[in-house]
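Engineer: Quick one: the structure is below, and I'll ask about it shortly.
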Amino acid sequence: MKWWQETVFYEIYMPSFKDGNGDGIGDFKGLLEKVPYLAELGVGGIWLTPFYPSPKVDNGYDVSDYYAVDPDYGTMADLEAFVEEAHRHGIRVIADMVVNHVSTEHAWFKAARSSRDNPKRDWFVWRDTPNNWESFFGGSAWKWDDVTKQYYYHSFAEEQVDLNWHHPAVEREIWKVFDFWLDKGLDGFRLDVINNLTLTRDFTDNPTENGEQRHLFDKDQPGMQKMMAKIGARIRTRGDYFTVGEISSDKLAEIEKYAGLDGLDVTFNFNFGSVASRDGIVAELARMQQVYADGRMPTLFVGSHDMSRSWNRLADGREDVAQLLATLMLTAYGVPFVYFGEEIGMADFVPESMREMRDVQGVYAYEQALQMGKSEQEALVLAQEKTRDKARAPMNWPEGFSQKANAWIGEVTPDFDRGQRMFAFYQALIKLRKTADFCESGYRDFEVDGEFLTYVRGEHLVCLNFGKAREVPNKWGNLTLVLANMEVAVSEEIIAVPAFAAVIFKI
Ligand code: GLC
Ligand code: CA
């Protein structure tokens, strides 16, 4: 058993978790104060979003120096103190590694764009004429560089320039970055948009379907699986570390092929966690159950910093549904990732004007809508749909997020009673998740009937009802209630399961 196979992870969006120095931005000092809170919740791992120096066009996913801590978040000593405190509480810490691209402010790119014959020129992707590839934030993925008269490639914002992984020096430099952070005592990495790496010199145009570009040739390029295996192996040879890859794909086959001993430890499945409604979740879990029957592990999550919060998107603002989702995520087979604030039932923050809009994706959506001739009001509505600010409002702490300043982004009104109930429920689930039944055994009796799901793990039976109330025959005999989000009647013959019930029994 690897440590990460029995770990519940907790994602922390750096600027939004806890402000320790009163400037309105989350930081390592604030994080350190909250380690006991995380220990009380029971999580065993933390994923930190990027904390490296960055102009923060995309809040740190535009790294300008891989070897330091952004002053907004503190110093290297603050980071070290935090990691030590987390370790003292038995909590491991993994860092977000953004190695598909760097900030245009990174020294490597500054050198590369200084002249065409700079030795670092080919660390990036340059062309005389752009192809039709679009950025994942919208608009062309190519930006004209007026000094050297060529276009450079950026698969995200134009300030995030893609590294050319075809060049061996790039690979070598990134290995050094990995080594540096592992030497600092971190326990592994979350690898950002890792299947986007540019590995080829083939720039075939992407096809268009129903007016939308299909990202066929700008990700999962030939050699990707090999590269993933190389990255995984490289980190594994260093020790007992954990890797989780962010794979942008809507195909389970693509996502799972990068996970396992010939790849990264696990990969995120967005068809499970970031779906627009909870309708397909049960069916997707059933597919995952088949795909991962070989002993590898899927990941389980219902939210992240890149999507609307599960409270709104999947739970329709209902506490029972939020608890149902939590039960699924924390009792199913896989590695769960709780997104900060989810454990207290935090809701979306929706910016009311462009002045309040912080996310580059929301800003891009607004600008594009205006270019297409939409009114400012229409453009705002589109930007509100696209913005990832929704999940980035600061954590609702009883004492507030910041001692002195207003937060860097708008806040959501707290509901502390709900927060306490949700917290207690998450806490109970996580405690249970740590027992052998839930981290060691796979599924028995995995059964899907429409939107009703049951499975047995070890000595525990889990019933999850995403549909209407129903009665099911009790084929397990003597059942003892362990945890439920509502009252459920059970006899020797029948279990009566109300709509949205989540129940765990001991058999
Ligand atoms: C990942 C991150 C997202 C970021 C993008 C570009 O999807 O999760 O926040 O904008 O990569 O780095
Ligand atoms: Ca701060």
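Engineer: Out of LEU38, LEU79, I need the residue that is in a helix (DSSP H, G or I) and within 19 Å of the chain's Cα centre (by Cα). Which one?
Structural biologist: It is LEU38.
Engineer: Among the residues of the stretch 222-250, write down those that are assigned to a strand (DSSP E or B) and within 16 Å of ligand 1 (Cβ to nearest atom).
Structural biologist: Listed by number, the residues that qualify are THR243, VAL244, GLY245.
Engineer: May I ask you to list the residues in the stretch 209-229 that are touching a residue at least 24 places away in the same chain (Cβ under 8 Å) and over 22 Å from the mean Cα position of the chain (by Cα)?
Structural biologist: Result: GLN213, PHE217, GLN221, GLY223.
Engineer: Search the stretch 153-166 for residues that are without any contact (Cβ under 8 Å) to a residue 60 or more places away in the chain and pair each with any residue that is open to solvent by less than 10 Å² (accessible area, probe 1.4 Å) and within 16 Å of ligand 2 (Cβ to nearest atom) when their beta-carbon atoms are under 6 Å apart and the residues are at least 6 apart or on different chains.
Structural biologist: Listed pairs, sorted by first residue: none to list.
Engineer: Exactly one of (1) of a type in the set (D, E, K, R); (2) part of a helix (DSSP H, G or I); (3) more than 16 Å from ligand 1 (Cβ to nearest atom) is unmet by GLU399. Its number?
Structural biologist: Condition not satisfied by GLU399: (2).
Engineer: Assigned by TED's automatic domain parsing to the domain that holds TYR426 and surrounded by fewer than 18 Cβ atoms within 10 Å (Cβ to Cβ): does that describe PRO36?
Structural biologist: Considered against the rule, which asks whether it is assigned by TED's automatic domain parsing to the domain that holds TYR426 and surrounded by fewer than 18 Cβ atoms within 10 Å (Cβ to Cβ), PRO36 comes out as yes.
Engineer: Give the residues of the stretch 473-507 that are assigned to a loop (DSSP other than H, G, I, E, B), on the phi < 0 side of the Ramachandran plot and of a type in the set (Gly, Ala, Ser), sorted by residue number.
Structural biologist: Residues satisfying the conditions are SER491, ALA499, ALA501.
Engineer: Which residue is farthest from ligand 2 (Cβ to nearest atom), if the candidates are limited to the stretch 13-26 and must be among the charged types (D, E, K, R) and open to solvent by less than 10 Å² (accessible area, probe 1.4 Å)?
Structural biologist: By that ranking, first place goes to LYS18.
Engineer: Got a number for residues in the stretch 131-148 being in a strand (DSSP E or B), away from ligand 1 (no atom under 16 Å from the Cβ) and either open to solvent by less than 20 Å² (accessible area, probe 1.4 Å) or in contact (Cβ under 8 Å) with a residue 40 or more places away in the chain (or both)?
Structural biologist: 2
Engineer: Specify which of the listed residues (ILE430, ILE409) is at pLDDT 95 or above, open to solvent by less than 30 Å² (accessible area, probe 1.4 Å) and either farther than 20 Å from LYS34 by Cα or within 16 Å of ligand 1 (Cβ to nearest atom) (or both).
Structural biologist: Selected residue: ILE409, the only one of ILE430, ILE409 that is at pLDDT 95 or above, open to solvent by less than 30 Å² (accessible area, probe 1.4 Å) and either farther than 20 Å from LYS34 by Cα or within 16 Å of ligand 1 (Cβ to nearest atom) (or both).
Engineer: Return the residues of the stretch 251-287 that are touching a Leu at 6+ places or on another chain (Cβ under 8 Å), free of Cβ contacts under 8 Å to residues at least 60 places away in the same chain and of a type in the set (Lys, Arg); say none if nothing qualifies.
Structural biologist: ARG287
Engineer: Can you find a residue that is more than 16 Å from ASN195 (Cβ to Cβ), part of a loop (DSSP other than H, G, I, E, B) and open to solvent by 20 Å² or more (accessible area, probe 1.4 Å) anywhere in the stretch 285-306?
Structural biologist: Scanning the stretch 285-306 turns up at least one residue that is more than 16 Å from ASN195 (Cβ to Cβ), part of a loop (DSSP other than H, G, I, E, B) and open to solvent by 20 Å² or more (accessible area, probe 1.4 Å).
Engineer: So, of the residues in the stretch 153-180 that are open to solvent by less than 10 Å² (accessible area, probe 1.4 Å) and within 20 Å of the chain's Cα centre (by Cα), which turns out to be nearest to SER64 (Cα to Cα)?
Structural biologist: Residue satisfying both the conditions and the ranking: GLN160.
Engineer: Next question. Could you tell me whether the stretch 8-20 includes any residue that is within 16 Å of ligand 1 (Cβ to nearest atom), free of Cβ contacts under 8 Å to residues at least 60 places away in the same chain and out of contact with any Ser or Thr (no Cβ under 8 Å at 6 or more places or on another chain)?
Structural biologist: No; the residues of the stretch 8-20 include none that is within 16 Å of ligand 1 (Cβ to nearest atom), free of Cβ contacts under 8 Å to residues at least 60 places away in the same chain and out of contact with any Ser or Thr (no Cβ under 8 Å at 6 or more places or on another chain).
The values are calculated or read from the model by the stated rules, or taken from the named source; none is laboratory data. Not measured: the values here are computed from a predicted model. Please note: Cβ atoms are built from the backbone with ideal geometry, for glycine as well, and neighbour counts cover all protein chains shown. Only protein heavy atoms, including side chains, enter the accessible area calculation; ligands, DNA and RNA are left aside. Shrake-Rupley method; radii C 1.70, N 1.55, O 1.52, S 1.80 Å.
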